[in-house]
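Readers should treat all values here as calculations from the given coordinates under stated rules, not as data from a laboratory. Predicted model only: the values in this text are computed from it and were never measured. In this analysis, Cβ positions are derived from the backbone assuming ideal geometry, glycine residues included, and neighbour counts consider all displayed protein chains.
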Amino acid sequence: MRRPITSLLGRLLRLPPPRTTYSVNHGVPIPMSDGVRLRATHYAPAGKARGTVLVRTPYGRGLPASLVHGHMLAARGYHVVVSSVRGTFGSGGTFVPMAQETADGRDTVAWLRTRDWFDGRLATLGGSYLGWTQWTLLQDPPPELRTAVVAVGPHDFRTAVFGTGAFTLGDFLSWSHQIAGQEERGLRRIRHVATAARRIRPGLHGLPLADAAEPVLRGRAPWYREWLSHPDETDPFWVPYRAGGALERVTVPVMLVSGWQDLFLDQTLQQYEALRERGVEVSLLVGPWTHVGVATKGAPRAEPATLAWLDRHLAADTRPPPTAPTPGPVTVHRTGEKRWHELTSWPPPTTPARFGLRADGTLVERLHTDPAAEAVRFRYDPADPTPSVGGRVLSGSAGVRDNRALEARDDVLTFSTAPLVTHLDVAGSPVVELAVSVDNPHADVFLRLCDVDRTGRSRNFSDALLRLDPSVPAGRVQRLTVRLDQCFHRVAAGHRLRLQVSGGAHPRYARNLGTDGTPAHGSETAPSWHTVHCAETFLVLPAS
């Protein structure tokens with residue numbers, strides 16, 4: 001069959017026209033080695049196929065996966081199998097996020113080998129959790145694999161949860177709440193989505209965190225308490241949540257897609273670097289998008305590139321695509337300039353630009369310590385935590401936001417340049433060489449770069465949170481090297497560059513309670529005074 005909506009969406013996304021008709025088989029059983037059966041939808045093109053694309057998802061086999069991954073690719077000659085992972089949308093077993101996917105992915109490929117329509121050419125595809133399912137499979141790549149297309153997909157979930165030292169609270173409570181109610185139907189489903197922000201609020205602000213989440217999740221997401229209860233990086237609990245070995249084993253071409261405000265941007269760039277260093281063919285596409293925005297605003301650029309990549313590496317079709325170029329090594333959007341750039345590698349060559357801080361709130365270019373630069377301090381109170389604004393988060397408030405209300409708080413320091421005479425282009429990881437002391441060893445630092453326009457609007461483009469080592473005695477000056485998010489940004493002439501320094505970003509990250517309580521069970525709070533020693537603190541930008 002051919003479907004009008006497929007043709008319409010194809011035109012909107014500037015895809016080449018459909019090649020063939022196709023059929024759709026729902027509820028296809030896929031047996032696992034332990035006897036559990038998963039459910040899948042199989043999109044089968046008529047005539048000679050161009051290979052098989054496997055998509056493994058916890059979010060259901062309906063929209064948008066059915067349209068973007070199923071109908072669109074089947075109409076262009078590919079078999080597509082969209083499989084619901086264990087414990088979701090008709091698949092048997094119990095859903096255990098992330099930890100269950102390695103074995104089930106291998107069993108799914110073993111099932112493909114028994115299908116008479118499978119010709120031995122396989123690609124994997126998908127974003128976010130669908131990207132994670134790919135990395136787990138690529139720890140032991142099947143011989144049939146020809147290529148993988150991974151969008152905003154982590155390879156190390158423990159790092160996503162606790163990589164800063166603080167629990168990534170807002171994202172993973174909201175995600176757990178989403179999963180807990182995603183299979184409700186009708187009005188119950190509408191109510192679950194519409195009231196999500198209100199429903200999760202007690203879990204974000206209550207203490208202890210594990211107990212505060214119980215009325216929110218109502219026992220339907222037991223993994224949330226488990227994650228909170230295992231903060232130690234070396235805990236064996238996290239072994240099945242790490243698939244970094246795939247970066248050392250995969251040899252087929254890989255296409256990576258992300259956004260500068262995506263939750264998993266750091267891991268996508270690590271994947272790119274690791275594969276490129278090993279000589280694996282890898283393509284990188286990064287746009288001005290959030291995590292969700294990659295699939296919405298990013299679709300008109302990402303989908304044609306994805307199809308061109310599959311045509312080349314799965315179907316072995318070397319003819320130039322009619323509507324979109326084959327993805328190059330690196331395609332990145334420079335924010336601030338609002339322009340796309342084609343690069344041979346990431347990051348491009350840069351020259352360090354070094355700025356120093358002054359107690360009067362100015363940020364000035366200088367190379368060495370300045371004895372005249374005094375210290376400045378602020379008080380962080382976990383009972384009234386510094387709020388998070390935008391940034392690399394999952395929620396609707398993600399991305400670039402106006403920071404002026406945040407910067408007006410007494411617990412946020414700002415250091416700003418004079419209006420720039422010429423453009424300042426930043427490409428890569430800004431670094432803050434931070435000299436700080438705290439009167440309470442249980443403390444965090446949050447650093448953020450903003451672009452302040454001529455009207456005074458302050459927009460974030462890179463940040464980082466770091467939990468300080470509580471074993472360092474109170475009052476001792478700590479000299480830390482803090483790497484902020486990689487970025488590709490232009491601070492235009494006439495704008496000012498601003499550095500924020502604060503003690504947290506709640507509820508994006510769980511607040512530091514100022515006590516030795518655990519992430520799951522801590523409830524007692526204590527404030528802390530942070531002193532920034534300006535003479536020894538520098539911002540170092542990779543300027544291009």
Just need the Rg to Rh number for segment 5-135, please, alpha carbons only, Kirkwood Rh. 0.96
In angstroms, what radius of gyration and Dmax does segment 351-543 have, counting Cα atoms only? 16.1, 51
Each label point is 7 Å from the Cα along the Cα-to-Cβ direction; what then is the distance between the points at ARG276 and HIS205, in nm? 4.4
Under the Karplus relation with 6.51, -1.76 and 1.60 and θ = phi - 60°, whole-Hz ³J(HN,Hα) for segment 420-426, x at Gly and Pro, equal 6, 7, 10, 4, 10, 9, 10
Work out from phi, with θ = phi - 60° and the Karplus expression 6.51 cos²θ - 1.76 cosθ + 1.60, the ³J(HN,Hα) of each residue of segment 104-110, listed in order in whole Hz, and give x for Gly and Pro. 5, x, 5, 5, 5, 5, 4
Under the classification rounded if a/c is under 1.5, otherwise prolate if a/b is larger than b/c and oblate if not, where does segment 32-92 fall, given a ≥ b ≥ c as square roots of the Cα gyration tensor eigenvalues? oblate
Against the longest alpha carbon principal axis of the chain, how many degrees, from 0 to 90 and to the nearest 10, is the axis of helix 196-205 turned? 40
Taking max minus min of the Cα coordinates of segment 93-241 on each principal axis, largest first, gives extents in Å of 53, 43, 26
Only bridges whose two residues both fall in the chain count here: according to DSSP, what percent of them are antiparallel, nearest 5? 70
Using a Förster distance of 41 Å, how high is the FRET efficiency between ASP235 and ARG366, based on the Cβ-Cβ distance and rounded to 0.05? 0.40
For LEU284, which sequence-distant residues (separation of 5 or more, or a different chain) have an amide H within less than 5 Å of its own amide H, given hydrogens modelled in the peptide plane? LEU256, VAL330, THR331
Taking each pair of distinct Cα atoms in segment 168-230 once, what is the resulting Kirkwood hydrodynamic radius in Å? 11.7
Under the rule of at least 5 residues apart or a separate chain, name every residue whose amide H is placed under 5 Å from the amide H of GLU374. ALA359
A student asked for the Cα radius of gyration and Dmax of segment 324-389 in angstrom ought to give 20.1, 56
Sorted by chain and then number, the residues having a modelled amide H within less than 5 Å of the amide H of ASP156, at least 5 places away or on another chain, are ALA243
Each residue of segment 32-45 in order: what ³J(HN,Hα) in whole Hz does its phi give by Karplus 6.51 cos²θ - 1.76 cosθ + 1.60, θ = phi - 60°, with x for Gly and Pro? 9, 5, 9, x, 5, 10, 8, 10, 9, 10, 10, 9, 10, x
Per-q log10 I(q)/I(0), the chain, q = 0.09 Å⁻¹ (Debye; single scatterer per alpha-carbon; no solvent): -0.69
Taking R0 as 22 Å, what FRET efficiency do you get between TRP340 and HIS423 from their Cβ-Cβ distance, rounded to the nearest 0.05? 0.85
